[in-house]
Amino acid sequence: MLTYLSLHLNKWRKRPFVILLLAFPLLCTFLLYPFFENTAGETAVPIAVVDEDQSDDSRTVTDRVEDSGRVRLVSQATRAEAETDVQKGAVEAAFIIEKGFQASIRQGEVNEVITWIRNENSALDVFAKEAFGAELMRLALNAKAAVIVEQETETSFEEVFQYSDQFWEPEPLFQVSVTERSPQQPEREEPQLQSWQVTVLQLFFLYAWLLAIFFLYEVTKDENSGRLARIKLIQKTTASYFFAHFVIFAFIGLISYILPLNGLFFLSETPQDLMAAWNIHGIIVAALTFIVTWCLFMAFGKKRWAVYILMLIAVSSFIFTITQTGFTDLWPHQWLLINQ
Amino acid sequence: MIQLDNVSKRYRRKQVLDPFSLTIQEGSSIGIIGPNGAGKSTFLKLIASLEKPSKGALSYEGQPYKQVVKRVRSAIGYVPQDIALYEELTVGQQIAFWKKLEKTKVDDDFLKRMVETLRLDEVMDQPVGQLSGGWKRKVNLCVGLLKNPSICLLDEPTAGVDLAAKEDIIAWLKELHQQGKTLLYISHDWYELRKLSDEYLLFAEKRPVFQGTETALIRQKEELLQSFDEQKDLRRILQHL
Ligand SMILES: Nc1ncnc2c1ncn2[C@@H]1O[C@H](COP(=O)(O)OP(=O)(O)O)[C@@H](O)[C@H]1O
Ligand SMILES: [Mg+2]
């Protein structure tokens with residue numbers, strides 16, 4: 001087993017681009033992610049904001065929520081207009097910054113300073129709620145700290161406030177819930193991956209599958225050159241040869257799928273639960289796919305043409321799943337998906 | 001002792017060896033000759049247990065191959081006609097790799113002697129892919145006989161080899177024969193055959209048609225040529241006698 005592994009490592013060391021092949025999708029992810037993120041920005045959740053306080057602090061909150069990138073804020077003049085937008089579904093939800101907002105939070109008072117309006121179809125606005133909550137809490141705590149420090153020293157409120165604000169970067173420690181007003185509270189939906197992310201994952205899977213199949217080419221070379229016959233004589237049986245090569249084959253496939261998958265999750269700050277679910281599901285589906293692929297390869301008699309047929313199957317799986325055109329239940333690319 | 005009893009071989013549609021029987025005595029050195037496509041390589045693969053006969057059976061020391069295949073594979077060293085090596089590895093790495101795969105313990109003294117006789121130390125650090133044909137053949141031979149086998153099967157071990165390398169290989173095979181090993185090798189070179197063989201096995205038209213000493217072969221030469229009239233290659237092979 002290790003003998004075969006070191007043989008292939010030895011070969012690959014002399015051709016470093018082979019190692020690069022393994023990490024290629026991961027590199028692509030890091031290079032191309034900013035591009036995808038911008039495209040995705042256009043599909044960010046639209047949220048209405050009514051600023052009834054028109055203070056420095058209310059503007060700070062809306063600016064910061066806007067910068068968090070997951071939502072697109074639509075300013076509205078009145079509460080009534082915002083409510084209509086929510087009813088029509090033009091926005092996912094609305095947030096009203098109540099009059100007296102700045103005054104309240106400078107007292108450290110965070111209850112009922114923002115009103116959250118949503119309808120039964122609102123689902124994706126939880127991001128916005130969390131973002132508002134975080135900013136609110138940050139301001140309130142800073143204010144509280146500033147009041148205490150100001151009492152003890154001669155520094156001004158503004159100085160202390162600015163100073164304590166620095167400690168919030170990059171993430172707040174906890175989040176506060178805001179007052180919620182919703183006609184019928186809908187079930188909170190599980191967070192999901194965005195559709196572009198799913199497509200990218202399917203591409204990763206295609207790549208990993210193809211790369212693993214490409215490795216099978218090494219087995220056909222051993223067969224054709226007579227090296228396999230030699231192994232048969234030396235080892236008495238080829239069982240351990242095939243076992244070792246299956247393990248390397250599956251390992252190449254798994255690594256080149258799991259690496260970019262988590263790279264993408266890392267960059268898009270995907271929630272832990274979602275990450276774990278996609279990882280576990282991905283590993284199971286990939287492992288099954290590779291076992292079936294290997295069995296087909298053996299059944300085809302380890303011939304070179306079998307490698308091409310298998311590559312064709314992999315590409316078909318991707319294309320048929322993406323376009324939803326044929327035998328969709330059959331393809332690993334379909335099994336790969338979690339309730340999308 | 002290896003016995004072949006009514007053995008024949010067929011690949012899908014193509015009959016490669018017609019039924020034949022013969023016996024290989026322990027310690028004999030047999031030169032296998034015959035035109036291309038007569039089935040010589042297939043014959044060696046059958047003995048090496050790399051191919052199964054379509055009909056008939058082989059036996060090793062009186063026991064059927066099927067039952068003692070592991071013992072057969074331990075006893076046999078096989079040097080294929082093609083260079084079955086990893087081109088990327090150096091000669092040293094190559095030998096180390098195959099040695100590691102070997103289940104039974106490799107006799108290091110034997111290996112050392114073989115490397116010495118074939119003068120492989122000179123190219124130990126060179127990748128096999130960059131060696132000339134003669135060196136590749138020698139490495140191919142060395143790997144095939146790594147385990148100090150008692151039966152050595154060699155498929156054209158000197159094909160396309162320069163004179164110096166050929167002498168090295170002949171010297172080593174001679175030494176193996178003197179150690180009492182059984183040698184079967186395919187060759188087209190009478191110089192080499194005369195130096196090594198005490199027996200010949202002539203293949204023609206998909207089966208062995210003669211087994212015996214050089215004197216016996218000369219005696220039967222005309223008869224054989226008449227029986228296989230249309231075989232021009234056979235005439236060319238036997239004209240040197
Ligand atoms: N694996 C195979 N499949 C089909 N035909 C084969 C195979 N191996 C050899 N043959 C055929 O068997 C015949 C004898 O081959 P071989 O034993 O290599 O002859 P020789 O070594 O005497 O030149 C050839 O015609 C060859 O084409
Ligand atoms: Mg041949």
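The values are calculated or read from the model by the stated rules, or taken from the named source; none is laboratory data. Note that the coordinates shown come from a computational prediction; the quantities given were computed from them, not determined experimentally. Here Cβ is always computed from backbone atoms with ideal geometry, including for glycine, and neighbour counts include all displayed protein chains. These area figures cover heavy atoms from the full protein model, side chains too; ligands, DNA and RNA do not enter into them. Shrake-Rupley method; radii C 1.70, N 1.55, O 1.52, S 1.80 Å.
One residue stands out in the range B:89-114 among those that are more than 10 Å from chain A (Cβ to nearest Cβ) and open to solvent by 50 Å² or more (accessible area, probe 1.4 Å): the one that is modelled with the lowest pLDDT, namely B:105. A count restricted to the range B:116-167 and to residues that are over 19 Å from the mean Cα position of the chain (by Cα) and among the hydrophobic types (A, V, I, L, M, F, W, C) stands at 7. Within the option set B:205, B:156, being in contact (Cβ under 8 Å) with a residue 12 or more places away in the chain, within 16 Å of ligand 2 (Cβ to nearest atom) and surrounded by fewer than 20 Cβ atoms within 10 Å (Cβ to Cβ) holds for one residue only, B:205. Collect the residues in the range B:42-71 that are closer than 16 Å to residue A:229 by Cβ, touching a residue at least 24 places away in the same chain (Cβ under 8 Å) and away from ligand 2 (no atom under 16 Å from the Cβ), keeping them in residue-number order. B:49 - this is the single residue of the range B:42-71 that is closer than 16 Å to residue A:229 by Cβ, touching a residue at least 24 places away in the same chain (Cβ under 8 Å) and away from ligand 2 (no atom under 16 Å from the Cβ).
Restricted to the range B:72-88, and to residues there that are within 8 Å of chain A (Cβ to nearest Cβ) and free of Cβ contacts under 8 Å to residues at least 40 places away in the same chain, the residue that is farthest from residue B:32 (Cα to Cα) is B:73. Across the range B:192-202, the qualifying residues are those that are within 16 Å of ligand 2 (Cβ to nearest atom) and part of a strand (DSSP E or B), and the one among them that is surrounded by the most Cβ atoms within 10 Å (Cβ to Cβ) is B:202.
Select from the range A:1-25 the residues that are within 29 Å of the chain's Cα centre (by Cα) and open to solvent by less than 40 Å² (accessible area, probe 1.4 Å) and write down the one among them that is farthest from the other protein chains (Cβ to nearest Cβ). Top of the filtered list is A:25. If a residue must be small (Gly, Ala, Ser), closer than 16 Å to residue B:15 by Cβ and within 14 Å of chain A (Cβ to nearest Cβ), how many such residues does the range B:34-59 contain? Selection size over the range B:34-59: 1. The set of residues in the range B:115-134 being part of a helix (DSSP H, G or I) and either basic (Lys, Arg) or loosely packed, with under 15 Cβ neighbours inside 10 Å (or both) consists of B:116, B:121, B:122, B:129, B:130, B:133.
Regarding the range A:274-290, can at least one residue be identified that is surrounded by 15 or more Cβ atoms within 10 Å (Cβ to Cβ) and within 25 Å of residue B:50 (Cα to Cα)? Within the range A:274-290, not a single residue is surrounded by 15 or more Cβ atoms within 10 Å (Cβ to Cβ) and within 25 Å of residue B:50 (Cα to Cα).
In this entry, residue A:111 passes the filter for residues that are in a loop (DSSP other than H, G, I, E, B) and of a type in the set (S, T, N, Q).
So that you can scan it fast, the table gives a plain yes or no per residue for (1) within 12 Å of ligand 1 (Cβ to nearest atom); (2) touching a Ser or Thr at 6+ places or on another chain (Cβ under 7 Å); (3) on the phi > 0 side of the Ramachandran plot:
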{"site": "B:40", "(1), (2), (3)": "yes, no, no"}
{"site": "B:58", "(1), (2), (3)": "no, no, no"}
{"site": "B:73", "(1), (2), (3)": "no, yes, no"}
{"site": "B:77", "(1), (2), (3)": "no, no, no"}
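Taken together, the residues in the range B:161-191 that are over 19 Å from residue B:145 (Cα atoms) and either within 16 Å of ligand 2 (Cβ to nearest atom) or without any contact (Cβ under 8 Å) to a residue 24 or more places away in the chain (or both) amount to 4. Here residue B:23 passes the criteria (1) away from chain A (no Cβ under 14 Å); (2) of a type in the set (Ser, Thr, Tyr); (3) touching a residue at least 60 places away in the same chain (Cβ under 8 Å) except the one numbered (3).
So that you can scan it fast, the table gives a plain yes or no per residue for (1) under 17 Å from the mean Cα position of the chain (by Cα); (2) surrounded by 18 or more Cβ atoms within 10 Å (Cβ to Cβ):
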| position | (1), (2) |
| --- | --- |
| B:1 | yes, no |
| B:10 | no, no |
| B:18 | no, no |
| B:23 | yes, no |
| B:29 | yes, yes |
| B:36 | yes, no |
| B:39 | yes, yes |
| B:57 | no, no |
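Scanning the range B:154-173 turns up no residue that is closer than 24 Å to residue A:241 by Cα and within 11 Å of chain A (Cβ to nearest Cβ). If the condition is being among the hydroxyl-bearing types (Ser, Thr, Tyr), more than 14 Å from residue A:201 (Cα to Cα) and in a helix (DSSP H, G or I), then the range A:314-340 contributes A:316, A:323.
For (1) at pLDDT 95 or above; (2) of a type in the set (D, E, K, R), each residue gets a yes or a no:
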{"position": "B:184", "(1), (2)": "yes, no"}
{"position": "B:188", "(1), (2)": "no, no"}
{"position": "B:195", "(1), (2)": "no, yes"}
{"position": "B:201", "(1), (2)": "yes, no"}
{"position": "B:204", "(1), (2)": "no, no"}
{"position": "B:209", "(1), (2)": "no, no"}
{"position": "B:219", "(1), (2)": "no, yes"}
